Amino acid sequence: MELLKDKKMKFQGVDMPALLGCNEEYLRLIENKFKSLITVRGDTINIKGSATETGVISKIFKELVYLLRRNGQLSAQDVNTVVELLDDNYKDKNKKINPNEHTVVLMGDKDSIRVRNKSQANYYKTAKEKDLVFAIGPAGTGKTYLAVAMAVAALKRNEVTKIILARPAVEAGESLGFLPGDLKEKLDPYMRPLTDALFDMINPIKLKSMLEKNIIEITPLAYMRGRTLNNSFIILDEAQNATRTQMKMFLTRLGNNSQAIVTGDVTQIDLDNKQDSGLISVQTVLKDISGIGFVHFSKYDVVRHKLVAEIISAYEDEAESENQSQSKDKSK
């Protein structure tokens, strides 16, 4: 494993806003392509990462400064072209995440994330073809984990500029109001499955920076009301606990050049009235819209510990027995 290296680059007499782009757009285009953390203080750019990456990134900035001085301005196309020319691994990286192969979803910080069965391959394919996808099925099938991986991959390819991860604040047997701390501290444990997935895919230092810059946002569903989300990859997790009204609110937030994945398990609804679940109603209301995809997982698609599938089966058998008993009681 390559040791991390700090490299500082000072650009005196350079128009830094022009070099970095409006709202640091060009900086993000570069940063998204690499694992390294890039920070800017005045006219100094600091790069922290492997020796190989810091060397490539420093060459990219030097070339961009040359183009800026020669042409007087830069464009996003200039930045992407320079990255392609100077990153020796660029073509290999793109080959590894070729969506037509349906194999590698993301070359993560720790390891590659791949589809592990036919249902996951169908999920990945559907997400590539549709702007809105509903992934419905039991726990342990990789619905959320793969959705986060697809979002990070889209950000790395600069297909979007922001990732938004949302969950409805409905607790399974616990009350957030009785938990200690401020709102963020109350929500942290509830949002943990999403942050755990991100830590598997992005260097912790870089992830912290992306969260601080709001490039990645983790939020309760209720906080999305009134927003229009452009150029974003949006994930609604635990959607079975979103009411019909909340589901409609979420789906109408989708803006230009945005994609959304909604994940949930209709057998684990924590709402008082289970029939009020928005995840149940959308399967009927939106079934005929061509731009929307539905992917259904079963207990046979579980990729966690082998016992998880058996546990799901046991609970399904119990529910079926209860239904049969209730039917018999009604018929008497």
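Taken together, 252, 263, 228, 243 contain a single residue that is at pLDDT 90 or above and open to solvent by 80 Å² or more (accessible area, probe 1.4 Å), which is 252.
Right, residue 313: hydroxyl-bearing (Ser, Thr, Tyr), open to solvent by 40 Å² or more (accessible area, probe 1.4 Å), free of Cβ contacts under 8 Å to residues at least 40 places away in the same chain and closer than 25 Å to residue 122 by Cα or not? Spelling it out, it is not the case that residue 313 is hydroxyl-bearing (Ser, Thr, Tyr), open to solvent by 40 Å² or more (accessible area, probe 1.4 Å), free of Cβ contacts under 8 Å to residues at least 40 places away in the same chain and closer than 25 Å to residue 122 by Cα. Restricting the first member to the stretch 239-260 and to residues that are β-branched (Val, Ile, Thr), and the second to residues that are open to solvent by 10 Å² or more (accessible area, probe 1.4 Å), the beta-carbon pairs closer than 7 Å and six or more apart or on different chains are 243/271; 243/276.
If only residues of the stretch 141-161 that are within 12 Å of residue 123 (Cα to Cα) and part of a loop (DSSP other than H, G, I, E, B) are counted, the one that is farthest from the chain's Cα centre (by Cα) is 141.
Among the residues in the stretch 115-123, are any part of a helix (DSSP H, G or I), among the hydroxyl-bearing types (Ser, Thr, Tyr) and more than 15 Å from residue 233 (Cα to Cα)? Scanning the stretch 115-123, I find at least one residue that is part of a helix (DSSP H, G or I), among the hydroxyl-bearing types (Ser, Thr, Tyr) and more than 15 Å from residue 233 (Cα to Cα), so the answer is yes.
In the set 47, 60, 38, only one residue is farther than 18 Å from residue 204 by Cα and either at pLDDT below 90 or under 28 Å from the mean Cα position of the chain (by Cα) (or both); that residue is 60. Got a sec? Which strands (runs of 3 or more DSSP E) wholly within the stretch 2-52 have at least 2 residues that are free of Cβ contacts under 8 Å to residues at least 24 places away in the same chain? Ranges flagged: 37-41.
The single condition among (1) under 18 Å from residue 74 (Cα atoms); (2) of a type outside the set (Phe, Trp, Tyr); (3) loosely packed, with under 15 Cβ neighbours inside 10 Å that residue 10 does not satisfy is (1). Under the condition of being open to solvent by 20 Å² or more (accessible area, probe 1.4 Å) and either among the hydroxyl-bearing types (Ser, Thr, Tyr) or part of a loop (DSSP other than H, G, I, E, B) (or both), the residues counted in the stretch 128-137 number 2.
The values are calculated or read from the model by the stated rules, or taken from the named source; none is laboratory data. It should be emphasised that the depicted structure is a prediction, and the values quoted were computed from it without experimental measurement. Quick reminder, even Gly has a Cβ in these numbers, built from the backbone with ideal geometry, and neighbours come from all protein chains shown. Each accessible area value is taken on the protein alone, full model and side chains, heavy atoms only, with ligands, DNA and RNA left out. Shrake-Rupley method; radii C 1.70, N 1.55, O 1.52, S 1.80 Å.
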